[in-house]
């Protein structure tokens, strides 16, 4: 596959992650043995864990969107970086009780695409911004 096709595969995967949609498309977009380094401990590995994560995120209800996004690719690697806006429905995140609300954070996703399918995925996110904005964590000295 060429770079444009690799970017198109990642772009369609990104749309599923942003707004939900037909998760059966994952069978076309991802290798059955995808290594998704971004899955939380306890989630199934591979394609089923990725599907479970996207289902649980309820992006059709709590969509995410890029405020700014750049995609670069070379050979079998595709990286997407930018600023994303999300809605957190409220609840636990990394041991913190986070109230419901919107937040914006910088995010980078890296993919290795093999034979037209995503074989590996990494997520690098500014989780501190996510903890601070809805009020789940306050900087020292800030009134509660």
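Restricting to DSSP H runs of at least four residues, report the calculated mean residue ellipticity at 222 nm for the chain, -39500 (n - 2.57) per run over all residues, nearest 500 deg cm²/dmol.
Values: 4 runs with 39 residues, N = 144.
My calculation for the chain gives -8000 deg cm²/dmol from helical runs alone.
Based on other C-beta atoms within 10 Å, arrange 71, 130 from fewest to most.
Numbers: 71 17, 130 22.
With the sparsest Cβ surroundings first, the list reads 71, 130.
For the chain, set up a GNM with springs between Cα atoms under 10 Å and report which of 70, 109, 53 has the largest fluctuation.
In the Gaussian network model the winner is 70.
Quick check: residue separation of residue 137 and residue 48 times 0.36 nm, minus the Cα distance between them. What number comes out in nm?
Numbers: separation 89, 0.36 × 89 = 32.04 nm, distance 3.22 nm.
That pair, residue 137 and residue 48, stretches by 28.8 nm at full extension.
Go ahead and collect, in residue order, the members of region 1-38 whose backbone nitrogen is under 12 Å from a label point 7 Å along the Cα-Cβ direction of residue 119.
1, 31-35
Any read-out appearing in this document is the output of simple, stated calculations on the displayed coordinates, not a laboratory observation. Source: prediction; values computed, not measured. Cβ: placed from backbone, ideal geometry, glycine included. Neighbour counts: every protein chain shown.
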